[in-house]
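The values are calculated or read from the model by the stated rules, or taken from the named source; none is laboratory data. Owing to the predicted nature of the structure, the values given are computational and were not obtained by experimental measurement. Counting neighbours? That spans all protein chains shown, and the Cβs are built from the backbone with ideal geometry, glycine included.
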Amino acid sequence: MSLPPGFLDELRSRASLSQVVGRKVIWDTRKSNQGKGDMWSPCPFHQEKTASFHVDDKKGFYYCFGCHAKGDAISFVRETENVSFIEAVEILAREAGMPMPERDPKAQEKSDRRSLLADVMEQAVQFFRLQLQTAVATEARDYLDRRGLRADALERWEIGFAPDAWQNLWDHLRSKGIAEDLIMGAGLAKASTKGGKPYDTFRGRIMYPIRDARGRAIAFGGRAMDPNDNAKYLNSPETELFDKGRSLYNHAPARTAAGKGQPLIVAEGYMDVIALASGGFEACVAPLGTAITESQLQLLWRIDPEPLIALDGDTAGLRAAMRLIDLALPMLEAGQSLRFVMLPDGKDPDDLIRSDGKKAVQKLLDSAMPMVRLLWQRETEGRVFDSPERKAALDKSLREKIKLIRDPSIRSHYGQEIKNLRWGLFSPKRSAKRSNWKPGKKQPEPAMPGTRASALAASDSAEDHLRVAVILASAISTPEIIGEFETGLERMLCRDPRQARLRDVVLRHANEERVTLVDKISEILGPETLENLHALGHVAISPCVRDPGNVDLARMTLADELAKLETRYGLIAEIADAEEDLSGAADEAVTWRLAQAAEARNRAERSEYEDKAEYDIADSGVRISREERNALDSLLDEINIAKQQR
């Protein structure tokens with residue numbers, strides 16, 4: 001309806017916002033100044049202990065510095081009472097003693113019809129409840145008794161029974177003088193296709209009334225007693241009162257319980273809600289037979305900023321949770337998200353609370369999984385990432401999902417959390433054992449100290465230590481290029497545990513700016529970490545470190561140094577493989593591999609005379625130490641002896 005000019009302004013001036021809000025909150029007397037109309041309290045829109053919700057009574061506006069909720073008296077009533085704009089205006093006008101303007105006749109007629117339909121629904125509730133006490137409902141009562149519903153629960157949830165007959169409810173309501181179009185309009189009967197009387201929508205079913213946020217009966221859910229019925233559960237058709245995608249079972253009581261501090265639990269069905277509420281978890285709701293819709297998600301967030309989604313622990317329940325992630329991602333806001341309760345496979349909340357009790361349910365609620373973890377699980381579970389292409393496909397899929405998040409701050413935090421999870425999956429510690437794996441060969445164990453090449457594989461080479469230090473310092477000086485070399489840095493073997501820890505911190509915070517990254521390193525590893533790193537001579541004189549932020553120079557340095565390390569690792573692996581083959585008779589393949597290693601040694605030795613700098617790197621990128629040369633010579637000698645004996 002349209003309101004006359006000035007009506008809302010007068011209403012806002014008459015309505016005291018602090019009085020309206022005061023019905024829902026407890027003011028913080030230390031921060032509030034009632035004389036000035038400056039009031040503070042914990043926010044009624046999200047759970048918190050501090051008083052971050054501010055009401056300016058003189059200006060007529062509220063604002064929460066935590067969840068950023070804001071508005072006037074009308075919007076506050078709309079949000080807390082879950083009513084329409086006009087209904088909120090009516091509530092405030094009634095409290096302020098202001099008569100509402102005459103409504104448009106059509107709008108008044110529509111409102112009056114909705115009231116009549118609600119009255120019809122109430123009479124249907126009473127009819128079904130009486131039928132549950134009759135002889136025809138014996139089987140239904142036995143079923144409810146087996147499910148643990150005693151008389152007090154039947155009374156509280158207003159559970160009833162629809163007899164298995166065609167016109168029982170229809171005849172009852174018509175005998176009360178209720179018009180046919182109202183019975184049909186309430187969704188309680190359907191027109192006959194054979195020209196006969198309309199027939200009851202619900203027959204042979206246990207009946208669960210569905211009420212809206214204001215407590216009005218708007219629909220029914222019916223469970224079939226016949227196990228062969230095609231529809232185990234049947235909801236009312238959509239009517240002027242009932243919009244299935246905008247309604248929640250147990251909405252009003254759950255909102256009240258959540259307002260008292262209980263976490264909001266979202267279960268699948270009526271019996272789950274009843275069982276949870278009976279077990280003390282009264283802030284619980286259920287969607288009505290379909291996947292959670294966008295409108296239902298908004299209703300949930302009005303009740304609790306972080307509802308707990310407790311769907312059945314079967315494949316269908318998990319699939320529903322995964323669909324909900326895609327729906328929720330674009331709607332996330334600061335302090336507004338979802339957590340997921342992973343129920344045991346084959347058990348719903350009703351099964352769990354009856355078999356294991358309240359403590360088992362509470363334990364699951366306490367370990368609820370953040371949405372980002374379930375997103376990661378969905379994209380990685382049951383998959384193998386043993387190739388760069390598969391890893392790239394995972395990265396692409398996750399990037400596309402994170403892009404759905406509109407809030408830039410949340411999007412950034414999701415990216416960092418996914419990076420941490422990815423690091424846990426592909427970290428060098430997990431991949432080190434796979435680094436030398438070849439098809440058809442057993443997964444290798446780390447080289448043991450007793451092998452001949454142990455000096456090569458396990459020695460803490462001063463050269464390797466310095467090269468890794470230069471790589472880390474270069475990455476820290478220009479973190480913009482870390483993403484390009486992420487795989488190489490992950491594979492880089494840091495035999496010094498201090499370097500390994502530094503590398504891990506650098507990778508985990510690669511998205512940060514240089515100043516922030518330096519602060520993170522100092523905070524996590526201590527300020528002496530970077531001091532010791534830059535005290536190394538080769539780090540201090542590195543052009544890349546002396547010119548931080550030079551992307552081209554940093555890119556060239558990391559590419560060159562990582563390539564040289566890869567070459568060195570390859571040589572060590574080749575020697576280890578050759579030694580392994582020496583356990584039997586030598587063959588031409590062993591001889592050829594050792595010859596290649598010896599040639600690399602010779603190139604490095606020639607380079608020693610050409611370049612006397614401390615980094616004596618040959619064109620192959622490898623400097624062979626004296627111990628390495630001795631090991632190679634010894635291996636070649638054994639090959640020659642083995643060949644002579646053959």
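Test VAL545 against the criterion of being within 19 Å of LEU493 (Cβ to Cβ), assigned by TED's automatic domain parsing to the domain that holds PRO497 and surrounded by 15 or more Cβ atoms within 10 Å (Cβ to Cβ), and give yes or no. So VAL545 does not fit the description; no. Selection of first residues in the range 240-253 that are touching a residue at least 12 places away in the same chain (Cβ under 8 Å) and of second residues that are in a loop (DSSP other than H, G, I, E, B) and of a type in the set (Asp, Glu), restricted to Cβ pairs under 7 Å at least 6 apart or on distinct chains, gives the following pairs, ordered by first then second residue: LYS244/GLU238; SER247/ASP212; HIS251/ASP212; PRO253/GLU282.
Taken over the range 33-48, the criterion of being in a strand (DSSP E or B) and among the charged types (D, E, K, R) is satisfied by ASP38 alone.
The one condition from (1) buried (at least 16 other Cβ atoms within 10 Å of the Cβ); (2) within 25 Å of GLU513 (Cα to Cα) that LEU375 does not meet is (2).
Among residues belonging to the range 157-212 that are in a helix (DSSP H, G or I) and of a type in the set (D, E, K, R), point out the one that is nearest to GLU240 (Cα to Cα).
ASP181
Note on the range 64-83: residues that are at pLDDT below 90, in a loop (DSSP other than H, G, I, E, B) and touching a helix residue (DSSP H, G or I) at 6+ places or on another chain (Cβ under 9 Å) total 3. The single condition among (1) buried (at least 19 other Cβ atoms within 10 Å of the Cβ); (2) free of Cβ contacts under 8 Å to residues at least 12 places away in the same chain that PRO99 does not satisfy is (1). Within the range 21-41, the only residue that satisfies the criterion of being touching a residue at least 40 places away in the same chain (Cβ under 8 Å) and either farther than 17 Å from LYS70 by Cα or touching a strand residue (DSSP E or B) at 6+ places or on another chain (Cβ under 6 Å) (or both) is VAL21.
Yes or no, residue by residue, for (1) in a helix (DSSP H, G or I); (2) buried (at least 22 other Cβ atoms within 10 Å of the Cβ); (3) not β-branched (Val, Ile, Thr):
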{"position": "ALA475", "(1), (2), (3)": "yes, yes, yes"}
{"position": "ILE482", "(1), (2), (3)": "yes, no, no"}
{"position": "GLU486", "(1), (2), (3)": "yes, no, yes"}
{"position": "GLU490", "(1), (2), (3)": "yes, no, yes"}
{"position": "LEU493", "(1), (2), (3)": "no, no, yes"}
{"position": "ASP504", "(1), (2), (3)": "yes, no, yes"}
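Candidates ALA585, ALA510: the one that is farther than 16 Å from GLY488 by Cβ, at pLDDT below 85 and in the same structural domain as VAL468 (by TED's automatic domain parsing) is ALA585.
Within the range 156-204, which residues are of a type in the set (D, E, K, R) and touching a Gly at 6+ places or on another chain (Cβ under 8 Å)? Once the filter is applied, which keeps residues that are of a type in the set (D, E, K, R) and touching a Gly at 6+ places or on another chain (Cβ under 8 Å), the range 156-204 yields only ASP164.
In summary, TYR233 fulfils each of the numbered conditions (1) surrounded by fewer than 20 Cβ atoms within 10 Å (Cβ to Cβ); (2) in the same structural domain as LEU343 (by TED's automatic domain parsing); (3) hydroxyl-bearing (Ser, Thr, Tyr) with the single exception of condition (2).
Out of (1) under 29 Å from the mean Cα position of the chain (by Cα); (2) among the hydrophobic types (A, V, I, L, M, F, W, C); (3) modelled with pLDDT of 85 or more, the odd one out for PHE61 is which? It is condition (1) that PHE61 fails.
Does ALA51 count as under 25 Å from ARG255 (Cβ atoms), part of a helix (DSSP H, G or I), modelled with pLDDT of 85 or more and of a type in the set (A, V, I, L, M, F, W, C)? Spelling it out, it is not the case that ALA51 is under 25 Å from ARG255 (Cβ atoms), part of a helix (DSSP H, G or I), modelled with pLDDT of 85 or more and of a type in the set (A, V, I, L, M, F, W, C). What residue, among those in the range 249-263 that are over 18 Å from GLU122 (Cα atoms) and in a loop (DSSP other than H, G, I, E, B), is modelled with the lowest pLDDT? Across the range 249-263, the extreme among qualifying residues is LYS260. As a summary of the residue check, ALA510 satisfies the conditions (1) surrounded by fewer than 21 Cβ atoms within 10 Å (Cβ to Cβ); (2) part of a helix (DSSP H, G or I) except for the one numbered (2). Yes or no: the range 282-290 includes at least one residue that is within 19 Å of TYR233 (Cβ to Cβ) and surrounded by fewer than 21 Cβ atoms within 10 Å (Cβ to Cβ). The answer is yes; a qualifying residue exists. Among helices (runs of 4 or more DSSP H) entirely within the range 314-427, having at least 1 residues that are among the charged types (D, E, K, R) and modelled with pLDDT of 90 or more singles out 315-328, 358-366, 371-380, 388-403, 408-426.
Here is the figure for the range 374-394: residues that are in contact (Cβ under 8 Å) with a residue 12 or more places away in the chain and within 13 Å of ARG422 (Cβ to Cβ) total 7. Residues of the range 156-198 that are among the aliphatic types (A, V, I, L, M), free of Cβ contacts under 8 Å to residues at least 60 places away in the same chain and more than 17 Å from LEU234 (Cα to Cα): LEU173, ILE178, ALA179, ALA191.
Take the residues in the range 213-235 that are outside any strand (DSSP E or B) and basic (Lys, Arg), then tell me which one is modelled with the lowest pLDDT.
ARG214
Scanning the range 44-75 for residues that are among the aliphatic types (A, V, I, L, M) and closer than 12 Å to LEU17 by Cα yields VAL55, ALA73, ILE74. Counting residues in the range 144-160 that are over 27 Å from GLY187 (Cβ atoms) and basic (Lys, Arg) gives one or more. The condition of being within 26 Å of ALA254 (Cβ to Cβ), in the same structural domain as GLN131 (by TED's automatic domain parsing) and buried (at least 19 other Cβ atoms within 10 Å of the Cβ) holds for only one of LEU169, LEU149, LEU173, LEU154, that being LEU149.
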